[in-house]
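Asks: This is the structure, below, for whatever I ask next.
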Amino acid sequence: MNFFRQKSCHETFLLKTYIFSADFASNEIFLRVLILVRLYKKEKGNVMQVGKISCLNTSNIFQQRNTNTREVRFGCPQDTFTKSPIAVKGSNAVSFGITDVNKKENEQFLADTEANIRKVCNRLKLSKAMTGRILRTETVEGEIKVTGIDTPIKCYLVMTGAALDQAENLPELKDDNEDGLAKGGIRFAENVDVNTIKALSLDMMIKNALAGLPLRGGKSGIAYDPTKLTAGQKEDAMRQYTRLFKDYIGTRYVPAPDMGTNADLMSVVRDEFKNIKGYDVPGCVTGKAWGKGGSAGRTEATGFGLVYALERAFELQGKTKDPLKGLRVAIQGSGNVGIHAALLLQEKGAHVVAIGDKYKDENDNDKYGTIYKEDGLDVKAVKDYVSNHPQKTVDGYNNESGVKPIPHEDLFALDNVDVIIPAAAQHQITEDNADKIKAKYIAEGANGPTTRGADVSLNSRTENKPEIYPDILMNQGGVVVSYFEQVQNKNGGEPWSKQIVLDMLQEHMTSRYDKVHKYAKEKNISMREAATEIAVEKIARAIKNNAA
Ligand code: NAD
């Protein structure tokens, strides 16, 4: 096979190669192979990278090695990757389900994420080698086949290398030893690709360090629109995903929910992992359903955590009594993060005046649903409406008087709104819409919702400069309660009550907010720079300590 000949040019890096299984698919030019490559770090001799892929075009296999990321990727020539964005129905073509526009956006997302980290590394005067180690990621790619879907679905798993160094000195990782694991959610979305998952895993590395958790950064993705799948197909996808990444789940990476996934799907991962192992490993995944190994408060954790931090921000501004009362808020995203933030904001006396989201109509066209009510929406009624809507959108909601639909592009440009909360997807606040923002505060619920350009533009305003509370601080509630869940799963005993979990979460978010706020004031830098700097300093220290 070509593969072995190509391997020889990387002989020094690839010390061991195993082929686990190979079977012919119906299309003769495609071989379904599963390859595990062990890439040994020359100087230490320890395992650094494991790559996996299926569906190789044997007539023209290429192997690409990226020295920055320590990634090895196997597959068809680059053209085949880029020129066949949509899988051909009924064939064995590799499925990417991603448009060229999405691809460019995702490249930009990764470039922005890396640039933000690099900028902080420069400010901290870290060496090039250290910066490279911090930015290092390892990638595992593969495909799953879901019942009733003709084309294979691409899946990705990325773990950060820097935090791997943090874990290297830890005792041998076992199924029941979750210390030093990579942690981050599973994104189930059409526009997922390796760049999105890399960017999100780096984001998780920074977030975990800032949160003080003994976890590396990780993220995984299933590149398909879950709203086009039945409940049974989604469950099948999660089972296949678990089988694909079974060598990592529980021992090196602990998944959790992210866009397009939820508590019930996490319980499916646990169940399938049990089928594979023959015994139960409750902590192999977090964000599981309550009563199925999940922690009380995990579902609410990200949205509630954001509100606790926001509350602290206003307290520190002197509003000690009911800090959020009367605040007018617009939220993008009616999913897990957005709706839970909205529920708690309303409970604390704020007016959630607008909520917007995006969905696919029956003809597969992108549609936005965006609703506005001058004196604040009944969030509970909106939540019920969305959960009963087949496309899970606020579109068409008119269950209360005074509510009206507005164009989605007006959501961030509304007058008379104090806070906007992007809680949907990355790169929603861009250089194109940043100048229309009138709100005084932006509290980031989504991961990477503000492009680097928009961040610069907002921060360089001389008038009406909004305070931006960054994602890595504001949305860390999810991973914090996931960690609580890991601890409970490991220790057993009576599960912690929701009150205990939420009290601990509030305490955590308040103290982290204080820390970032103090650092930003002392150094006269933005909250984003402060949060990133605290985290990067910590990671660099861990790497140095481990090298000593
Ligand atoms: P979700 O799938 O439950 O909801 C996503 C929401 O965003 C939906 O309402 C969807 O309609 C909307 N949306 C998606 N793309 C949009 C677009 N381009 N424009 C407008 N609306 C759009 O996802 P979630 O779990 O609520 O996650 C939302 C964001 O928060 C993501 O960026 C995710 O990475 C981040 N996050 C989630 C968690 C968590 O615990 N779930 C933790 C930390 C960060």
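The values are calculated or read from the model by the stated rules, or taken from the named source; none is laboratory data. Since the structure is predicted, the reported quantities are computational estimates derived from the model, not experimental observations. When we count neighbours, we look across all protein chains shown, and the Cβ atoms used for this are built from the backbone with ideal geometry, even at glycine.
Asks: Filter the stretch 450-491 down to the residues that are among the charged types (D, E, K, R), surrounded by 13 or more Cβ atoms within 10 Å (Cβ to Cβ) and within 24 Å of Ala313 (Cα to Cα), then identify the one that is nearest to the chain's Cα centre (by Cα). Walk me through how you get there before you give the answer.
Replies: Quick first cut of the stretch 450-491, residues among the charged types (D, E, K, R) only: 452, 455, 461, 463, 465, 467, 471, 485, 490.
Next cut, surrounded by 13 or more Cβ atoms within 10 Å (Cβ to Cβ) only: 452, 455, 467, 471, 485, 490.
Applying the additional criterion that residues be within 24 Å of Ala313 (Cα to Cα) yields 452, 455, 467, 471.
Values: Arg452: 18, Asp455: 20, Glu467: 23, Asp471: 11 Å.
Filtering the stretch 450-491 for residues that are among the charged types (D, E, K, R), surrounded by 13 or more Cβ atoms within 10 Å (Cβ to Cβ) and within 24 Å of Ala313 (Cα to Cα), the one nearest to the chain's Cα centre (by Cα) comes out as Asp471.
Asks: How about the stretch 492-531: which of its residues are outside any helix (DSSP H, G or I) and surrounded by fewer than 14 Cβ atoms within 10 Å (Cβ to Cβ)? Lay out the reasoning, then the answer.
Replies: Taking the stretch 492-531 first, the residues outside any helix (DSSP H, G or I) are 492-497, 524-526.
Within the stretch 492-531, Gly492, Gly493, Glu494, Ser497, Asn524 meet the criteria.
Asks: Of all residues being modelled with pLDDT of 95 or more and in contact with a Ser or Thr (Cβ under 8 Å, 6 or more places away or on another chain) in the stretch 360-382, which is surrounded by the fewest Cβ atoms within 10 Å (Cβ to Cβ)? Just the residue, please. If you could, list the steps in order and put the result at the bottom.
Replies: At the first step, the residues of the stretch 360-382 found to be modelled with pLDDT of 95 or more are 367-382.
Next, only the ones that are in contact with a Ser or Thr (Cβ under 8 Å, 6 or more places away or on another chain) stay: 367, 369, 382.
Values: Lys367: 14, Gly369: 21, Val382: 24.
Going through the qualifying residues, I end up with Lys367.
Asks: Okay, moving on. What tally of residues in the stretch 469-497 results from selecting those that are more than 16 Å from the ligand (Cβ to nearest atom) and either polar (S, T, N, Q) or touching a strand residue (DSSP E or B) at 6+ places or on another chain (Cβ under 9 Å) (or both)?
Replies: We begin by selecting, within the stretch 469-497, every residue more than 16 Å from the ligand (Cβ to nearest atom); these are 487-497.
Applying the additional criterion that residues be either polar (S, T, N, Q) or touching a strand residue (DSSP E or B) at 6+ places or on another chain (Cβ under 9 Å) (or both) yields 488-489, 491, 495, 497.
Adding up the residues that qualify gives 5.
Asks: If you take the residues in the stretch 287-300 that are in contact with a Ser or Thr (Cβ under 8 Å, 6 or more places away or on another chain) and within 11 Å of the ligand (Cβ to nearest atom), which one is farthest from Lys383 (Cα to Cα)?
Replies: Ranking the candidates gives Gly287 first.
Asks: Shifting gears a bit: Among Lys246, Lys228, Lys277, which is the only one that is basic (Lys, Arg) and within 16 Å of the ligand (Cβ to nearest atom)?
Replies: Details: Lys246 fails: within 16 Å of the ligand (Cβ to nearest atom); Lys277 fails: within 16 Å of the ligand (Cβ to nearest atom).
On inspection, the qualifying residue turns out to be Lys228.
Asks: With within 27 Å of Glu300 (Cβ to Cβ), of a type in the set (Lys, Arg), modelled with pLDDT under 95 and assigned by TED's automatic domain parsing to the domain that holds Val146 as the only criterion, which of Arg216, Arg270 stands out?
Replies: Unique residue meeting the criteria: Arg216.
Asks: Regarding the stretch 446-454, can at least one residue be identified that is within 16 Å of the ligand (Cβ to nearest atom), at pLDDT 95 or above and not in a loop (DSSP other than H, G, I, E, B)?
Replies: Within the stretch 446-454 (the criterion being within 16 Å of the ligand (Cβ to nearest atom), at pLDDT 95 or above and not in a loop (DSSP other than H, G, I, E, B)), the answer is yes, since at least one residue qualifies.
Asks: Another question, then. Under 6 Å between Cβ atoms, which residue pairs at least 6 apart in sequence (or on different chains) link something in the stretch 254-274 that is touching a residue at least 60 places away in the same chain (Cβ under 8 Å) with a partner that is within 7 Å of the ligand (Cβ to nearest atom) and assigned to a helix (DSSP H, G or I)?
Replies: Listed pairs, sorted by first residue: none to list.
Asks: Yes or no: the stretch 250-264 includes at least one residue that is among the aliphatic types (A, V, I, L, M), more than 16 Å from the ligand (Cβ to nearest atom) and within 17 Å of the chain's Cα centre (by Cα).
Replies: Here is the first cut: in the stretch 250-264, the ones among the aliphatic types (A, V, I, L, M) are 254, 256, 259, 263.
This time we only want the ones that are more than 16 Å from the ligand (Cβ to nearest atom), so: none.
Among the residues of the stretch 250-264, not one is among the aliphatic types (A, V, I, L, M), more than 16 Å from the ligand (Cβ to nearest atom) and within 17 Å of the chain's Cα centre (by Cα), which makes the answer no.
Asks: Among the numbered criteria (1) within 16 Å of the ligand (Cβ to nearest atom); (2) modelled with pLDDT under 95, which single criterion is violated by Gly184?
Replies: Exception for Gly184: condition (2).
Asks: Right, here's the next one. When the residues of the stretch 301-328 are filtered to those that are away from the ligand (no atom under 13 Å from the Cβ) and of a type in the set (Val, Ile, Thr), which remaining residue is nearest to Val379 (Cα to Cα)?
Replies: Checked the stretch 301-328; the qualifying residue nearest to Val379 (Cα to Cα) is Val307.
Asks: Taking the stretch 191-213, which residues are within 10 Å of the ligand (Cβ to nearest atom) and modelled with pLDDT under 95?
Replies: Asn191
Asks: If a residue must be surrounded by fewer than 18 Cβ atoms within 10 Å (Cβ to Cβ) and either in contact (Cβ under 8 Å) with a residue 24 or more places away in the chain or β-branched (Val, Ile, Thr) (or both), how many such residues does the stretch 224-250 contain? Don't jump to the end; show me each part of the working.
Replies: Step one: of the stretch 224-250, the residues surrounded by fewer than 18 Cβ atoms within 10 Å (Cβ to Cβ) are 225, 227-228, 230-233, 243, 246-247.
The next check asks that each one be either in contact (Cβ under 8 Å) with a residue 24 or more places away in the chain or β-branched (Val, Ile, Thr) (or both); those that pass are 225, 227-228, 230, 232-233, 243, 246-247.
So the answer is 9.
Asks: Output the residues belonging to the stretch 276-313 that are over 22 Å from the mean Cα position of the chain (by Cα) and hydrophobic (A, V, I, L, M, F, W, C).
Replies: Ile276, Val281, Ala313
Asks: Check whether at least one residue in the stretch 329-349 is closer than 20 Å to Tyr441 by Cβ, away from the ligand (no atom under 12 Å from the Cβ), outside any loop (DSSP other than H, G, I, E, B) and of a type in the set (Lys, Arg), and report yes or no.
Replies: No, the stretch 329-349 has no match at all.
Asks: Now for a different question. Scan the stretch 422-443 residue by residue and report those that are in contact (Cβ under 8 Å) with a residue 40 or more places away in the chain and either assigned to a loop (DSSP other than H, G, I, E, B) or within 10 Å of the ligand (Cβ to nearest atom) (or both). Give the steps one after another, and end with the answer.
Replies: Restricting attention to the stretch 422-443, the residues satisfying the condition of being in contact (Cβ under 8 Å) with a residue 40 or more places away in the chain are 422-428, 439, 441, 443.
Scanning the stretch 422-443 gives Pro422, Ala423, Ala424, Ala425, Gln426, His427, Gln428, Ala439.
Asks: If you check Asp384 against the conditions, is it touching a strand residue (DSSP E or B) at 6+ places or on another chain (Cβ under 9 Å) and without any contact (Cβ under 8 Å) to a residue 40 or more places away in the chain?
Replies: On the way: touching a strand residue (DSSP E or B) at 6+ places or on another chain (Cβ under 9 Å): no; without any contact (Cβ under 8 Å) to a residue 40 or more places away in the chain: yes.
So Asp384 fails the test.
Asks: What about Asp395, is it within 12 Å of the ligand (Cβ to nearest atom), modelled with pLDDT under 95 and of a type outside the set (Val, Ile, Thr)?
Replies: On the way: within 12 Å of the ligand (Cβ to nearest atom): yes; modelled with pLDDT under 95: no; of a type outside the set (Val, Ile, Thr): yes.
Criteria not met by Asp395.
Asks: Is it the case that Val352 is assigned to a helix (DSSP H, G or I) and within 16 Å of the ligand (Cβ to nearest atom)?
Replies: Working: assigned to a helix (DSSP H, G or I): no; within 16 Å of the ligand (Cβ to nearest atom): yes.
Criteria not met by Val352.
Asks: For a quick check of your reading of the model, give me the residue pairs whose first member lies in the stretch 348-362 and is among the small types (Gly, Ala, Ser), whose second is within 9 Å of the ligand (Cβ to nearest atom), with beta-carbon atoms closer than 6 Å and at least 6 apart or on different chains.
Replies: The qualifying pairs are Ala354/Leu411; Gly356/Gln332; Gly356/Thr370; Gly356/His408; Gly356/Leu411.
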